[in-house]
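The values are calculated or read from the model by the stated rules, or taken from the named source; none is laboratory data. This is a predicted model, so every value here is computed, not measured. Reconstructed Cβ throughout: ideal geometry from the backbone, glycine too, with neighbour counts over all protein chains shown. What goes into the accessible areas is simple: the full protein's heavy atoms, side chains included, and nothing from ligands, DNA or RNA. Shrake-Rupley method; radii C 1.70, N 1.55, O 1.52, S 1.80 Å.
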Amino acid sequence: MTVHGLFAKISPDNDGSQAKPRIAIIGRGFSGIMMAIALMKSVRTAFHVHLFDPQPTISGGQVMAAAQSGEILNSRVRDLSVAAGQPEDFNEWLCANQDFRSAVSAAIPGFQQIFVPKSIFSDYVYQRFSEALTRRPDISMQLSCQAVLGLRKLPSGRFLVLQEEGSIECDIAVLATGFGIRALEMEVADEERPLVRARRLVVPRHAVLLGSGVRVVDRLLQMRDSGYAGEITIVSRHGFLPQAHTRLAAAPTFPVDPMPTRLRDIVPFVRHACADAEANGLGWQAAMNGLRRRARSLWQSLPEHEKRQFNRHLRSIYDSHRNRLPAPLHLRLQQELTDGRTVVRKGWAGRRRSDGLMVRWAGVTQEELLEADQVIDCRCSAPDLKAPVIQNLFAGGLAEPDELGLGLAVSPAGEVLAEGHPTANLYAVGPLGLGSLPDIDLVPEIVTQTYAAARLIATRRRVTQKSA
């Protein structure tokens, strides 16, 4: 989709942007685009935004990039507004979209309860981005398609963004690099590629999908919709797949009793809460929605060793219950498993070969070959703490990993922490903070965080201006 008005503003030399506060956003996925929207709506004074990403286009990241027509977001329309304080914004946008209204007429007058394809949400986000920029003629914006190699803090307090072909100074830096997306088709060694091409000349018999989240289910159903009739094996480390949403949104509910403070007591407490919700006709989903409202404070209260226990033994179960599927898609998944056309096996993926994939199955010490014509990796990468820009921040004492090493240590508003204190004018939004903030990989939480960061930036800019 064209982002109207963006490329008319890319030259900083002609619009006085050198005199404006400069904000660097590193990453143009959903977190980066959402941060730009929040800034344009929250910071009332003029500023210049520089968007950095190796990709030549605004991709949308994991939430929106490479969206197939059948890929459905696993959050309802009611939870996907990108406008602060306007939860109906996405629904109103859909209602104003005549083509969408015609295609989904049964949902009129409102679409709050439905799930929409990523491509529809992508159009909505980009339109709101374009509109926000059009309404702010005092804001200039620039794109850079070079990889960011480092980020240094200058004696002046400004940042130096290092790239292959030069460097750029800025007043505020926002990291929004999120998750990496693995290439779908697993690569084989160069010498084996002709064998793979030869095998594709015959009718495919068996495909392997790696992963356990919504992406693996999306891929499975897309293959079936495209006519693939062969066997499919899903290889998952823990064997859990996404659970189902209720038909209508489940209002959050949770016991009013104080939560236990130890992990071994929290687990049965949550199980009982889910059982009570089921007994009252609300569904366990209502209890899980209630738990998510407490997840952040609960997570931060756990000692480090219990957080590690959770990630090792319970994270996959929690993820399968928070990242849920719309009921019709879950029904199709269950039918696949019941019919035996698709099987789920616990295991760890190894080297890709021309004739399949080396796998170490759960409970087995040695790898064995799982024969397959096609191996598709649907896993999400963890935040890359070895990326040059992150390593550069660590070396400069500007940032530190969270206590589990899952991402950066951040505050709820995205402030990057070093030795427990915020680094002035440095932020990290979205999945980079997953070790500090549960669920910060989901759209509603990212939206909330970016507006919180933008409000902090706006407040601190006003204070600085008054002091000057």
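Residues that are closer than 25 Å to Val148 by Cα, free of Cβ contacts under 8 Å to residues at least 12 places away in the same chain and not hydroxyl-bearing (Ser, Thr, Tyr): list the strands (runs of 3 or more DSSP E) wholly contained in region 350-468 that include at least 1 such residues. Outline the logic, then answer.
Numbers: elements: 356-361, 368-371, 374-377, 415-418, 421-428.
Output list reads 421-428.
Read through the list (1) open to solvent by less than 10 Å² (accessible area, probe 1.4 Å); (2) aliphatic (A, V, I, L, M); (3) under 16 Å from the mean Cα position of the chain (by Cα), then give the number of the only condition that Leu442 fails.
Against the list (1) open to solvent by less than 10 Å² (accessible area, probe 1.4 Å); (2) aliphatic (A, V, I, L, M); (3) under 16 Å from the mean Cα position of the chain (by Cα), Leu442 comes up short only on (1).
Run Leu73 past the list (1) modelled with pLDDT of 85 or more; (2) among the aliphatic types (A, V, I, L, M); (3) over 12 Å from Met141 (Cα atoms) and report the number of the one that doesn't hold.
Leu73 satisfies all of (1) modelled with pLDDT of 85 or more; (2) among the aliphatic types (A, V, I, L, M); (3) over 12 Å from Met141 (Cα atoms) except (1).
Kindly indicate whether Gly350 is in contact with an Asp or Glu (Cβ under 9 Å, 6 or more places away or on another chain) and under 26 Å from Arg215 (Cβ atoms).
On the way: in contact with an Asp or Glu (Cβ under 9 Å, 6 or more places away or on another chain): yes; under 26 Å from Arg215 (Cβ atoms): yes.
Yes, satisfied.
Looking only at region 359-374, how many residues end up being among the hydrophobic types (A, V, I, L, M, F, W, C) and surrounded by 14 or more Cβ atoms within 10 Å (Cβ to Cβ)? Walk me through it before giving the result.
Just the residues of region 359-374 that are among the hydrophobic types (A, V, I, L, M, F, W, C), to begin with: 359, 361-362, 364, 369-370, 372.
Subset that is surrounded by 14 or more Cβ atoms within 10 Å (Cβ to Cβ): 359, 361, 370, 372.
Of the residues in that region, 4 qualify.
Any residue that is under 25 Å from Leu221 (Cα atoms) and of a type in the set (Val, Ile, Thr) - is there at least one of those in region 347-365?
Taking every residue of region 347-365 in turn, at least one turns out to be under 25 Å from Leu221 (Cα atoms) and of a type in the set (Val, Ile, Thr).
Return the pairs, sorted by first residue and then second, in which the second residue is among the hydroxyl-bearing types (Ser, Thr, Tyr) and at pLDDT 90 or above, the first residue lies in region 315-334 and is within 20 Å of Leu248 (Cβ to Cβ), the beta carbons are less than 6 Å apart, and the residues are 6+ apart or on different chains.
none
Specify the residue that is nearest to Arg152 (Cα to Cα); the eligible residues are those in region 378-422 that are charged (D, E, K, R) and more than 17 Å from the chain's Cα centre (by Cα).
We begin by selecting, within region 378-422, every residue charged (D, E, K, R); these are 379, 384, 386, 400, 402-403, 415, 419.
Filter once more, so that each one left must be more than 17 Å from the chain's Cα centre (by Cα): 386, 400, 402-403, 415, 419.
Details: Lys386: 16, Glu400: 14, Asp402: 20, Glu403: 23, Glu415: 16, Glu419: 17 Å.
Step by step, filter region 378-422, then rank; the result is Glu400.
So, Asp377, is that one open to solvent by less than 20 Å² (accessible area, probe 1.4 Å), at pLDDT below 95 and within 30 Å of Leu426 (Cα to Cα) or not? Before the answer, list the steps.
Numbers: open to solvent by less than 20 Å² (accessible area, probe 1.4 Å): yes; at pLDDT below 95: yes; within 30 Å of Leu426 (Cα to Cα): no.
No; evaluated as a whole, the condition is false for this residue.
Can you name the number of the only condition in (1) assigned to a helix (DSSP H, G or I); (2) open to solvent by 10 Å² or more (accessible area, probe 1.4 Å); (3) not charged (D, E, K, R) that Thr261 fails?
The one condition Thr261 does not meet is (1).
Restricting to region 164-186, and then to whatever is under 30 Å from Asp355 (Cβ atoms) and within 21 Å of the chain's Cα centre (by Cα), can you tell me which residue is modelled with the highest pLDDT?
Checked region 164-186; the qualifying residue modelled with the highest pLDDT is Glu185.
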